[in-house]
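I have placed the structure first, in the form of structure tokens, so that the comments after it can refer back to it.
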Amino acid sequence: MRQLLNEDDLKDFLEGHLGERVLIFKHSTQCPISRAAYHQVETFESENPGVPVGMIRVIEERPLSLSFADSVNVRHASPQAVVLLDGHPVWNASHYDITAQALSDAVR
């Protein structure tokens with residue numbers, strides 16, 4: 001899971017995976033629901049090692065988190081998982097809807 005700290009990190013991550021489905025996980029480091037979702041993302045990663053995963057911490061990188069929501073036109077939530085293809089969202093979920101199985105299904 002690649003931690004994304006700023007706009008340049010996000011841009012590099014997305015441009016480095018053009019033509020692939022990628023997952024952006026928006027994570028609150030202070031929320032127990034987000035912690036549960038984080039474990040689901042970790043499980044997803046271990047089962048799908050070829051899928052690029054980026055993480056935005058919504059408190060620590062708040063400007064990036066809000067900018068990302070605006071740029072992909074997906075209403076902000078936390079925790080939130082957004083699957084993108086060429087920078088465009090193709091699936092998203094939040095809270096307890098973030099499961100390893102749902103993520104696996106979304107990247108297929």
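Assorted remarks:
- Residues considered: PRO89, PRO49. Of these, the only one that is assigned to a loop (DSSP other than H, G, I, E, B) and either under 12 Å from SER104 (Cα atoms) or in contact with a helix residue (DSSP H, G or I) (Cβ under 8 Å, 6 or more places away or on another chain) (or both) is PRO49.
- Only listed residue being in a helix (DSSP H, G or I) and surrounded by 15 or more Cβ atoms within 10 Å (Cβ to Cβ), chosen from SER67, SER78: SER67
- Candidate set: the stretch 1-36, residues that are farther than 13 Å from LEU84 by Cβ and assigned to a loop (DSSP other than H, G, I, E, B); chosen: the one nearest to the chain's Cα centre (by Cα): MET1
- GLY54 more than 18 Å from ASN92 (Cα to Cα), out of contact with any Cys (no Cβ under 8 Å at 6 or more places or on another chain) and not hydroxyl-bearing (Ser, Thr, Tyr): no
- Residue among HIS17, HIS88, HIS27, HIS39 that alone is surrounded by 17 or more Cβ atoms within 10 Å (Cβ to Cβ) and free of Cβ contacts under 8 Å to residues at least 40 places away in the same chain: HIS17
FYI, it's all coordinate maths here, none of it is from the lab. Fair warning: this is a prediction, and the values are worked out from it, not measured in the lab. As a convention, Cβ positions derive from the backbone with ideal geometry for all residues, glycine included, and neighbour counts pool all protein chains shown.
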